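The values are calculated or read from the model by the stated rules, or taken from the named source; none is laboratory data. Just so you know, these numbers come straight off a predicted model, no measurement behind them. Every residue, glycine as well, gets a Cβ built from its backbone with ideal geometry; the counts of neighbours run over all protein chains shown.
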Amino acid sequence: MCALRKSCWVLLLAVFVLGAFAPVSVEGAEAPKKIVWRSSGHGPASDPSQIYHDMLCKAITEASGGRLEIKPFVGGSIVPAYKEVDAVHENVLQLCYTCPMYNLDKWSAAGLISSRPGALAGEALRTWFNYGGGADLMNKMMEGYNVMTFPGALSPLPEEVFFHSKKKIESLEDLKAIKARCMGDGGEILKRMGMATGSSPAASCTKQ
């Protein structure tokens, strides 16, 4: 009897859960309003992370049946590149795809949750973020800010070489003599060593 009763409760729960998501047709009822969000990546259109961002926006729109439409924008087209999190906080954007390391001005530990030399490789970082508590740690770090992150949407990016230079670097004095586009923890370390570092958006970089 207990087993039968338990089965009935499971069945009843399944019906309630399904009913919550099943479309309801009531004569005269208004159709649910369409929700439109704006989402920005942080790179140019050709950047792998931007391509993945656009695919994610499309997938969310399709999964909602079009009720929640996510309009994708490239980095810098709505707000200055690397300021996407601030824009979500201020509701200029409702979603964004960016790197935590661009927000060291707010959270000094943000670089730990980004790709960095000597740290986890790409796939290992994604696994830790999605299943090892990385997303939870990031949300804890951002407490008090009107944003949250969610696992499962990290872009698979190619491996990167830490540094490229047209000038030969053999000493600390050589580092101090050049200016570099370098962000995150790596940029902070080089800045403390005397290098002039900057964080210009990728789209603004041109071949010399």
For segment 83-110, which residues satisfy the criterion of being among the small types (Gly, Ala, Ser) and closer than 18 Å to Ala153 by Cα?
-> Ala110
Inside segment 76-147, counting only helices (runs of 4 or more DSSP H) that do not spill past its ends, which hold 1 or more residues that are in contact with a strand residue (DSSP E or B) (Cβ under 6 Å, 6 or more places away or on another chain) and closer than 17 Å to Gly41 by Cβ?
-> 84-89
Identify the residue in segment 162-206 that is part of a loop (DSSP other than H, G, I, E, B) and closer than 30 Å to Cys57 by Cβ and, among all such residues, is modelled with the lowest pLDDT.
-> Thr206
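Tally up the residues in segment 95-116 that are within 18 Å of Tyr52 (Cβ to Cβ) and among the polar types (S, T, N, Q), please.
First pass over segment 95-116, keeping only residues within 18 Å of Tyr52 (Cβ to Cβ): 95-102, 113-115.
Going one step further and asking which of them are among the polar types (S, T, N, Q), we end up with 98, 114-115.
So the count comes out to 3.
Quick grid of which residues meet (1) charged (D, E, K, R); (2) within 29 Å of Lys191 (Cα to Cα):
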position	(1), (2)
Lys34	yes, no
Thr61	no, no
Arg67	yes, no
Gly76	no, yes
Val79	no, yes
Arg126	yes, yes
